[in-house]
Every structure is written in structure tokens, then in C-alpha cells.
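The values are calculated or read from the model by the stated rules, or taken from the named source; none is laboratory data. Note that this is a predicted model, so its numbers are computed, not measured. Methodologically, a virtual Cβ is constructed for each residue, glycine included, from the backbone with ideal geometry; neighbour enumeration extends over all protein chains shown. Note: areas computed on protein heavy atoms with side chains; ligands, DNA, RNA excluded. Shrake-Rupley method; radii C 1.70, N 1.55, O 1.52, S 1.80 Å.
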Amino acid sequence: MLSFSEVHAERVHRHIPQEGKTMDDIREHYLAWLRDAHAMEEQALTMMRGMLSRLENYPVLCARMEKHVAETERQAESLRKLLEGRDSGASVVKDTLGKATALGQALGGMFADDEVIKGVMASYTFEQMEIAAYKVLISTAAVLEDTTAISIFEENLAEEQDMADWLFDHLDQTTRIFLARDEAGLPARR
């Protein structure tokens, strides 16, 4: 007789839903997570665009953010198409709430003396959430054998990981620029 963990491992390995769960239940989770990921990309666009308008003294950071805005626009579009191809649309409510949250964060940052540092920290944290979301989507798409989506999720995941790594690797440089400008009495917050 197999133990519970052996039975569970076998179900996961064979992609068999657990008792009481059907592939339709898994698909519903998948579509909800896909809508969440789309809303997250829309939120990221709002956050980055708000921050970009205030990074004139940080040209390296600004250039990398502009590149990631283009990547994120493509990601949001690819997720929207995946949703439409699965007879599901993006969630207008989730997209709107995500954008409103990002706008609130951007507006709140405008009043912080260290806006650029807090913005980079928030961006790095947000990238980590996106990375986790894509890992969940890849795993669920594998269970559903949605190979088309897996390649899209993997590409998006790689871009999010690259951006998170870039932000982390440049946090020291960005901080030093901020501190040098602040010490010299130059505008440092943007």
C-alpha cells in the first residue's frame, strides 16, 4: 500500500487532479491566475511610467526602465491574447484596481525625499512577485498541457528575472548617485 505522500507525488507526476477536483477546477484557477498576471503587468506599466517621468538625474536607470516598459507592454498583450484564446478576457476590475494602486504609489512617492530609492526598492519587490506568478502559471500550464502558454510564460519570467537582477545589481550605484547628489545640494530625489 502506498503512503499518502507517495499517492500525492504520483498524482502530481501524472497530472491527476486530487479527489473532488476536476481539470475544470484547475482550469478555473489557471484562468484566475492568468487574469491576475495580466492585471499585475498593467499595474507594473502604471508604476514604471509614473516613475520614468521623474528620473531625469538617473539616465542609466531611466534607460533600463524604458526597456522594461517595452517588455511589459509586450507581456501584457501576450497575456491578453492568451486569455482571449481560452475564452476568457482580462479582468477590467483587477486591471483597474492594479492601475489605481500603482498610481497611488507613484503619487505618494512624489512627496518622498528619497523617491528614487524607494521606487527602485518597490520595483525590485514587484519584480519578485511577478517572478513567482509566472512560476505558478508555468506549473499550472504544465498540468493542463498548455504548451503554447508555457513558452510565453517562460519568456516573461526570464525578462522579469533579468529586470530584478538588474535592479539588484545596480542598487548600490543608484544609492551612491542619490547620496552624492543629496550631499552636493543637487536635486537627488528624481
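Are there GluC sites (Glu not before Pro) in the range 135-190 that DSSP puts in a loop and that have at most 16 other Cβ atoms within 10 Å, and which ones?
E145
Can you give the accessible area per residue of the range 20-88, in Å², using a 1.4 Å probe?
That works out to 45 Å² for each residue.
How much of T148 can a 1.4 Å solvent probe reach, expressed as accessible area in Å² and rounded to 10?
Number for this one is 90 Å².
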